[in-house]
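Written out below as structure tokens is the structure these notes cover.
The values are calculated or read from the model by the stated rules, or taken from the named source; none is laboratory data. Since we're looking at a predicted model, the values are computed, not measured. All Cβ positions, glycine included, derive from the backbone under ideal geometry; neighbour counts span all protein chains shown. To get the accessible areas, we keep the full protein, side chains included, count just its heavy atoms, and leave off ligands, DNA and RNA. Shrake-Rupley method; radii C 1.70, N 1.55, O 1.52, S 1.80 Å.
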Amino acid sequence: MKEDKKIWLSPPHIGNKEKELVKEAFNTNWIAPVGPHIDSFEIELAKRSRNSNVAALSSGTAAIHLALILAGVQRGDDVICSSFTFSASANPIKYLGANPIFVDSEQESWNMCPFLLEKAIKDALSKNKKPKAIVLVHLYGMPAKLDQIMRIANDYDIPVIEDAAEALGSTYNSQPLGTFGDFGVYSFNGNKIITTSGGGALVCEDKAMIDKARFLATQARDEAPHYEHSQIGYNYRISNVCAAIGLGQLEVLDERVMQKRKINEYYKNELSTINDISFLEERDGSYSNFWLTTIVLDSNSAIDKRKLRLHLEKGNIESRPLWKPMHLQPIFSNCKAYVNGVSVDLFNRGLCLPSGTYMTDEDIKRVVTKIKELYEA
Ligand SMILES: *Cc1c(COP(=O)(O)O)cnc(C)c1O
């Protein structure tokens, strides 16, 4: 029997436009981390980000690192960070020798709990140590509780770095995610909603900040005919070839968001008959790109996330547990954390389903059939 082809969680989805643009980059010999496709990519990204200023970079992680530097974070400082996220949200805090303080999730959006955020800030202030920044993640494309979080951040005058790595194309009250905080971060890694094969971007209203980001991202070269340096720099610029891919991908971003939303809708409709499975839902004002469709299994069910994942694996279908919270990661075990049990519960019961826009209708039907097979057995 011929084995069914593998259905991946979130593979890249590239079209002919991207191939043409990459060819154009080659034909014009713009292969360096400088060139016209980078300029155009930044302009097009800016149009999608309320005409903010944009620096295209080598990764989303690099963008978070530079945002922290621009927010003034230094060795020994405290930085508040969502606990329920990928480690790349928190690692750059450590690059700078600063201390992450992790804040758990609320139930509705799975993102940073405003109540615990304020508690963390008040505790820090009572010890005379004001946190230098807040890294706020919009996980799986779902907008965080931006009204409350931005109000708290403004009340205490702490800069917000929005980690919108998974949330390009998502909005809150029609405003793009990544444009609420002082800085916004996008990722174009191969598994994200659009990709440059690897890349990221930093977004900021303040042009001087983005000029500084570009300066730091190109080894902090001072104005001089020779190589002169008065600051430590980084090699964080995107390549022109990657930017060419990104330019083509941006053209199909809205289409990809529609496709991801349709995939989410399909799963919801098809699996709604199974009482043991629930979905993450949008709240008023929230518009998610549904980068990945996530499900949460009932804690009383005989089928747990491991059983379902291994069952799908037998059908050559990739699924994955939700992110393991940072406050439970060995590397961050010594960090302070404000915890309410929400993210660990989601981690214990949740699974990401294949959500690639490359999937055919038959592929997604195969996933649903495989899941139903387990529950109807
Ligand atoms: C992917 C991701 C990043 C890092 O982006 P890279 O481009 O892979 O460096 C950061 N934060 C979150 C939440 C992500 O999912």
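When residues in region 304-333 are screened for being touching a strand residue (DSSP E or B) at 6+ places or on another chain (Cβ under 7 Å) and β-branched (Val, Ile, Thr), 1 of them pass. Is it the case, given these coordinates, that Ile121 is in a helix (DSSP H, G or I) and more than 30 Å from Thr293 (Cα to Cα)? It is true that Ile121 is in a helix (DSSP H, G or I) and more than 30 Å from Thr293 (Cα to Cα).
Whether any residue in region 94-115 is within 17 Å of Ile161 (Cβ to Cβ), away from the ligand (no atom under 16 Å from the Cβ) and in a strand (DSSP E or B) is what I want to check. Among the residues of region 94-115, at least one is within 17 Å of Ile161 (Cβ to Cβ), away from the ligand (no atom under 16 Å from the Cβ) and in a strand (DSSP E or B), which makes the answer yes.
All of (1) farther than 30 Å from Gly248 by Cβ; (2) out of contact with any strand residue (DSSP E or B) (no Cβ under 8 Å at 6 or more places or on another chain) hold for Thr195 with one exception: (1). Considering only region 225-240, I want to know if a residue exists there that is in contact with a Phe, Trp or Tyr (Cβ under 6 Å, 6 or more places away or on another chain), away from the ligand (no atom under 16 Å from the Cβ) and open to solvent by less than 70 Å² (accessible area, probe 1.4 Å). Within region 225-240 (the criterion being in contact with a Phe, Trp or Tyr (Cβ under 6 Å, 6 or more places away or on another chain), away from the ligand (no atom under 16 Å from the Cβ) and open to solvent by less than 70 Å² (accessible area, probe 1.4 Å)), the answer is yes, since at least one residue qualifies.
Residue-level check: of (1) part of a loop (DSSP other than H, G, I, E, B); (2) open to solvent by 70 Å² or more (accessible area, probe 1.4 Å); (3) at pLDDT 90 or above, His13 misses just (2).
Scanning region 18-43 for residues that are surrounded by 16 or more Cβ atoms within 10 Å (Cβ to Cβ), not small (Gly, Ala, Ser) and not in a loop (DSSP other than H, G, I, E, B) turns up Glu18, Leu21, Val22, His37, Ile38, Phe41, Glu42.
Quick grid of which residues meet (1) within 16 Å of the ligand (Cβ to nearest atom); (2) open to solvent by 10 Å² or more (accessible area, probe 1.4 Å); (3) assigned to a helix (DSSP H, G or I):
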| site | (1), (2), (3) |
| --- | --- |
| Leu45 | yes, no, yes |
| Ala56 | yes, no, no |
| Ala62 | yes, no, yes |
| Gln74 | no, yes, no |
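For region 216-224, the criterion of being of a type in the set (Gly, Ala, Ser), buried (at least 24 other Cβ atoms within 10 Å of the Cβ), within 16 Å of the ligand (Cβ to nearest atom) and under 18 Å from Val135 (Cα atoms) is met by no residue.
When Gly60, Gly97 are checked against the criterion of being on the phi > 0 side of the Ramachandran plot and either over 24 Å from the mean Cα position of the chain (by Cα) or not assigned by TED's automatic domain parsing to the domain that holds Ile331 (or both), a single residue qualifies: Gly97.
Quick grid of which residues meet (1) of a type in the set (Lys, Arg); (2) open to solvent by 30 Å² or more (accessible area, probe 1.4 Å); (3) within 14 Å of the ligand (Cβ to nearest atom):
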position: Thr179; (1), (2), (3): no, no, no
position: Phe183; (1), (2), (3): no, no, yes
position: Asn189; (1), (2), (3): no, yes, yes
position: Ile194; (1), (2), (3): no, no, yes
position: Asp206; (1), (2), (3): no, yes, no
position: Ala244; (1), (2), (3): no, no, no
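Of the candidates Ala164, Ala201, the single residue that is in the same structural domain as Ile134 (by TED's automatic domain parsing), out of contact with any Asp or Glu (no Cβ under 7 Å at 6 or more places or on another chain), among the small types (Gly, Ala, Ser) and without any contact (Cβ under 8 Å) to a residue 40 or more places away in the chain is Ala164.
Just one of the numbered conditions (1) outside any loop (DSSP other than H, G, I, E, B); (2) free of Cβ contacts under 8 Å to residues at least 60 places away in the same chain is not true of Lys130: (1). Say we look at region 84-93 and pick out the residues that are within 16 Å of Ile69 (Cβ to Cβ) and open to solvent by less than 10 Å² (accessible area, probe 1.4 Å); which of these is farthest from the ligand (Cβ to nearest atom)? Looking at the filtered set, the residue picked out is Ile93.
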